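Engineer: Starting off with a structure, shown below.
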Amino acid sequence: MKIITRHIDRLFLDPNNYRFIDKPEYKFVLPEKLTDVQVQQRARHFLLGKNNDNVQDLIASFRKNGFLPVNQIQVKELPDNRFLVLEGNRRIATLKYFYEKFKEEGVDLGMLDESIFKSISVVLHSSEGEKEHLIVMGLDHITGKKKWNPVNQAQLIEDLNNKYGMGEDDICSSLGITKHALRRSRRTLALIKKYKSSDYGDQFASSMYSIFEEIINRTELKNWLEWDDFTMSSGNKFNEEKIFSWISKEENIEWDVDGNEISREVKEPIITKALEIRDISKYINEPAAIRRMEETRNITEGFVLSDAVGESKFENAIGKLQQDVSTVFNFSEYMQSVHLEKIKGLRDKIDRLLPATNGNISPYIGLAPVLENMEEVLFSEIKIIKYRKLNNLSIKFLNRINIFAGKNNSGKTSLLETVYLLSQLNDINAFLELERYRGKFYESFNPKWLAKNLTERF
C-alpha cells in the first residue's frame, strides 16, 4: 500500500459496493464496465439518494469543517490512470457533487477548499490485497460503528468464505465475530437466496432480513422446513414455498372467456414483522390453526384453533401466581382471620393440581345412585363372555333371590362380582370399592393392586 494524490476526475465510484447489493435495481457490473458513464451515474444515485438525502450529513460537515482526512480513502488502480474507490465512496460521491455544483453554478463551498478537487490523498491497494481489503471493510461496517444493512454484512462474510476460501475460524478472528453469528448470517443469506429464486423473489427488500433470520432461529420452523444446517437448504420444498407466500403479497386475477381481465385483488402479506414468526412457530404443527390463519390472513386468528393459547395463558398464570404469592408472603403481617379461610381454599385448589403424594386410591364412600333407586327386576338372564376365569357362561331364569353353590375357588365370587358390576354400570367408584374389598383394605389402597388385577384378560 502507498499514499498518492489524484484529481477527483480520476476517481471512480465502486458500482459493486456492498451497500448496493440489497437494492432491487442493483446489477453486478463486470470489470470492463466499471467506468462507464451510465454505471457511474447509477452508483452515484445509490450513494447520494433522492435530493441527496443519504449524504446531507456530509454536505453540512464539508461546508462547516472542510474535508477532514479522518478516514483514509482507499483505491485500486484501473487501466488508463484511473482508480476505483474501495473505501470512502460516500465521501467521494459528495465531493463530486460539490465539484459539479462549483463548476456549473459557482456555489459557495463554505470551508471546503476548492484545491481538494485537484489533489485528493488516497491509499493505493494492490489487486492481490482484495481479501485484506474486504476484512478492513468488515471491521468498519460489520463490527465497527458504520454498520451496513445485515444482508450486506452477510454477503461480505459469504464472499470471504466462498470467493477467498477463508475458513470460519479465520473469518471470526479477522472480523471479531462469534461463530454462532457467522453461521446464523450464512444460513439466513442462504434462505434469502432461495426466496429470491422463488416466484416471490422480486418482492425482497433488505428490511425483510430480520424475518428470514427469525425463521432460521426458530427450531420449530427449521424442523417443519426439514432444514439442513450442513447444506443450508430445506428438505420440504412444499413448506418452504408456503412460508415464502406468507411473507409476500399475493395477486389474484380473474379473466373472462375472451381473456380480458375482470378483476384484480392484491392480498397483503400475512407476516410483516419478525415477531410474528415467533407467534406462528407456536402452532406451526397444528394444521387446523394454520388453515385458519391462511383463510383469514391473520396470525391472531390461528391462535383461536391452537393449543398455544391455553399453554400461554397457563404459563402467564403460573408466573403471576408466583409473583402474587411472594407479595402475600412479604406482607403476611397484615393477615387476619378472614384471610386464613381464603388461603386454605386456595391451598385446597392447588393440592388438587398436584399428584397424590402417597399414590393411593381412595374410592368414594357412599351408596351409588343405582342402589338408592332399586328396580324390581334387574336381570332375567346373564351371559358372561369373559370375566377373570369365567368364559362363555350363560345363566337363565334368574329370580330376585338366587343361590350359587360349589367348591372353593370354583368362581362363585367372580360370578357375584360380575352381577354387581353389571348393576353398577358407569360407576367407577363401585369398581374401586369392589377392588378394595377383594384386597381386604381398610380405606385407600395402593394402585399396584389395581394394576395387578386389571389386566387384558380381565
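The values are calculated or read from the model by the stated rules, or taken from the named source; none is laboratory data. None of these values were measured; they are calculated from a predicted model. In this analysis, Cβ positions are derived from the backbone assuming ideal geometry, glycine residues included, and neighbour counts consider all displayed protein chains.
Engineer: Here is a check on your reading of the model: is Ser198 touching a residue at least 40 places away in the same chain (Cβ under 8 Å), assigned to a loop (DSSP other than H, G, I, E, B), in contact with a Pro (Cβ under 7 Å, 6 or more places away or on another chain) and over 30 Å from Glu130 (Cβ atoms)? I'd like the intermediate steps shown before the answer.
Structural biologist: Numbers: touching a residue at least 40 places away in the same chain (Cβ under 8 Å): yes; assigned to a loop (DSSP other than H, G, I, E, B): yes; in contact with a Pro (Cβ under 7 Å, 6 or more places away or on another chain): no; over 30 Å from Glu130 (Cβ atoms): yes.
When the stated conditions are applied, Ser198 does not pass them.
Engineer: Restricted to region 112-128, and to residues that are surrounded by 15 or more Cβ atoms within 10 Å (Cβ to Cβ) and of a type outside the set (A, V, I, L, M), which residue is nearest to the chain's Cα centre (by Cα)?
Structural biologist: His125
Engineer: Here is a further query. Looking only at region 88-103, which residues are of a type outside the set (Ser, Thr, Tyr) and either part of a helix (DSSP H, G or I) or loosely packed, with under 12 Cβ neighbours inside 10 Å (or both)? Give the steps one after another, and end with the answer.
Structural biologist: Quick first cut of region 88-103, residues of a type outside the set (Ser, Thr, Tyr) only: 88-93, 95-96, 98, 100-103.
Within region 88-103, Asn89, Arg90, Arg91, Ile92, Ala93, Leu95, Lys96, Phe98, Glu100, Lys101, Phe102, Lys103 qualify.
Engineer: Check off (1) within 19 Å of Glu87 (Cβ to Cβ); (2) in a helix (DSSP H, G or I); (3) within 28 Å of the chain's Cα centre (by Cα) for Arg187 and give me the number that stays unchecked.
Structural biologist: Against the list (1) within 19 Å of Glu87 (Cβ to Cβ); (2) in a helix (DSSP H, G or I); (3) within 28 Å of the chain's Cα centre (by Cα), Arg187 comes up short only on (1).
Engineer: Separate question: Condition first: in a helix (DSSP H, G or I), surrounded by fewer than 12 Cβ atoms within 10 Å (Cβ to Cβ) and more than 48 Å from the chain's Cα centre (by Cα). Can you find one or more residues in region 104-111 that meet it? Break it down into steps so the answer makes sense when it comes.
Structural biologist: Of all residues in region 104-111, those in a helix (DSSP H, G or I) come to 104-105.
Narrowing the set further to residues that are surrounded by fewer than 12 Cβ atoms within 10 Å (Cβ to Cβ) leaves 104-105.
Filter again for more than 48 Å from the chain's Cα centre (by Cα), leaving 104-105.
Looking for residues that are in a helix (DSSP H, G or I), surrounded by fewer than 12 Cβ atoms within 10 Å (Cβ to Cβ) and more than 48 Å from the chain's Cα centre (by Cα), one finds at least one in region 104-111, hence yes.
Engineer: So, one more: Going through region 16-67 one residue at a time, which ones are among the β-branched types (Val, Ile, Thr), within 13 Å of Ile92 (Cα to Cα) and out of contact with any Leu (no Cβ under 8 Å at 6 or more places or on another chain)?
Structural biologist: So the first thing to find is which residues in region 16-67 are among the β-branched types (Val, Ile, Thr), and the list is 21, 29, 35, 37, 39, 55, 59.
Filter once more, so that each one left must be within 13 Å of Ile92 (Cα to Cα): 55, 59.
Residue satisfying the conditions is Ile59 alone.
Engineer: For the list (1) modelled with pLDDT of 85 or more; (2) part of a loop (DSSP other than H, G, I, E, B), I need the number of the one condition that Glu341 fails.
Structural biologist: The number of the failed condition is (2).
Engineer: Every residue in region 389-410 that is touching a residue at least 12 places away in the same chain (Cβ under 8 Å) and either surrounded by 12 or more Cβ atoms within 10 Å (Cβ to Cβ) or in contact with a Phe, Trp or Tyr (Cβ under 9 Å, 6 or more places away or on another chain) (or both), please. Give the derivation first.
Structural biologist: Residues of region 389-410 that are touching a residue at least 12 places away in the same chain (Cβ under 8 Å), as a first pass: 389-390, 393-398, 400, 404.
Correct list: Leu390, Leu393, Ile395, Leu398, Phe404.
Engineer: Between a first residue in region 216-245 that is closer than 15 Å to Lys282 by Cα and a second residue that is of a type in the set (Gly, Ala, Ser), which pairs have beta carbons less than 6 Å apart while being 6 or more apart in sequence or on different chains?
Structural biologist: Arg218/Ser281; Glu220/Ser281; Leu221/Ser281; Leu225/Ser234
Engineer: Okay, moving on. For residues in region 22-64 being aromatic (Phe, Trp, Tyr) and free of Cβ contacts under 8 Å to residues at least 24 places away in the same chain, which is farthest from Tyr195 (Cα to Cα)? Talk me through it step by step, then tell me what you get.
Structural biologist: First, pick out the residues of region 22-64 that are aromatic (Phe, Trp, Tyr): 26, 28, 46, 62.
Filter once more, so that each one left must be free of Cβ contacts under 8 Å to residues at least 24 places away in the same chain: 26, 28.
Numbers: Tyr26: 17, Phe28: 19 Å.
This residue is Phe28.
Engineer: Let me ask you something else. In region 208-245, what residues are over 20 Å from Arg186 (Cβ atoms) and among the small types (Gly, Ala, Ser)?
Structural biologist: Looking only at region 208-245, we keep the residues that are over 20 Å from Arg186 (Cβ atoms), and these are 220, 224, 236-239, 241-242, 245.
The one that is over 20 Å from Arg186 (Cβ atoms) and among the small types (Gly, Ala, Ser): Ser245.
Engineer: If you don't mind, there's one more thing I want to ask. Which of the numbered conditions does Met232 fail, given that it passes all the others? Conditions: (1) at positive phi; (2) touching a Pro at 6+ places or on another chain (Cβ under 9 Å); (3) of a type in the set (A, V, I, L, M, F, W, C).
Structural biologist: (2)
Engineer: Please determine, by comparing only the residues of region 143-167 that are part of a helix (DSSP H, G or I) and either of a type in the set (A, V, I, L, M, F, W, C) or more than 25 Å from the chain's Cα centre (by Cα) (or both), which one is surrounded by the fewest Cβ atoms within 10 Å (Cβ to Cβ).
Structural biologist: Filtering region 143-167 down to residues part of a helix (DSSP H, G or I) leaves 150-162.
Restricting the remaining residues to those that are either of a type in the set (A, V, I, L, M, F, W, C) or more than 25 Å from the chain's Cα centre (by Cα) (or both) gives 151, 154, 156-157, 159-162.
Values: Val151: 23, Ala154: 27, Leu156: 21, Ile157: 25, Asp159: 16, Leu160: 22, Asn161: 16, Asn162: 10.
Top of the filtered list is Asn162.
Engineer: For region 196-213, give me each residue that is surrounded by fewer than 20 Cβ atoms within 10 Å (Cβ to Cβ) and not basic (Lys, Arg). Spell out how you get there, then give the answer.
Structural biologist: To start, the set of residues in region 196-213 that are surrounded by fewer than 20 Cβ atoms within 10 Å (Cβ to Cβ) comprises 196-203, 205-207, 210.
Ser197, Ser198, Asp199, Tyr200, Gly201, Asp202, Gln203, Ala205, Ser206, Ser207, Ser210, listed by residue number.
Engineer: Is one or more of the residues making up region 11-24 among the charged types (D, E, K, R), surrounded by fewer than 18 Cβ atoms within 10 Å (Cβ to Cβ) and either touching a strand residue (DSSP E or B) at 6+ places or on another chain (Cβ under 9 Å) or outside any loop (DSSP other than H, G, I, E, B) (or both)? Quick ask: steps written out before the conclusion?
Structural biologist: Taking region 11-24 as the starting set, the residues that turn out to be among the charged types (D, E, K, R) are 14, 19, 22-23.
Now restrict to residues that are surrounded by fewer than 18 Cβ atoms within 10 Å (Cβ to Cβ): 23.
In the following step, the residues that additionally are either touching a strand residue (DSSP E or B) at 6+ places or on another chain (Cβ under 9 Å) or outside any loop (DSSP other than H, G, I, E, B) (or both) were identified as none.
No: region 11-24 contains no residue that is among the charged types (D, E, K, R), surrounded by fewer than 18 Cβ atoms within 10 Å (Cβ to Cβ) and either touching a strand residue (DSSP E or B) at 6+ places or on another chain (Cβ under 9 Å) or outside any loop (DSSP other than H, G, I, E, B) (or both).
Engineer: Still on this structure: So which helices (runs of 4 or more DSSP H) stay within region 360-458 end to end and still have 3 or more residues that are at pLDDT 80 or above?
Structural biologist: Working: elements: 369-372, 412-423, 428-438, 447-453.
Where helices (runs of 4 or more DSSP H) fall fully within region 360-458 and carry at least 3 residues being at pLDDT 80 or above, they are 412-423.
Engineer: Still on this structure: Restricting the search to region 269-313, which residues are more than 17 Å from the chain's Cα centre (by Cα), under 19 Å from Ile215 (Cβ atoms) and not in a helix (DSSP H, G or I)?
Structural biologist: Arg297
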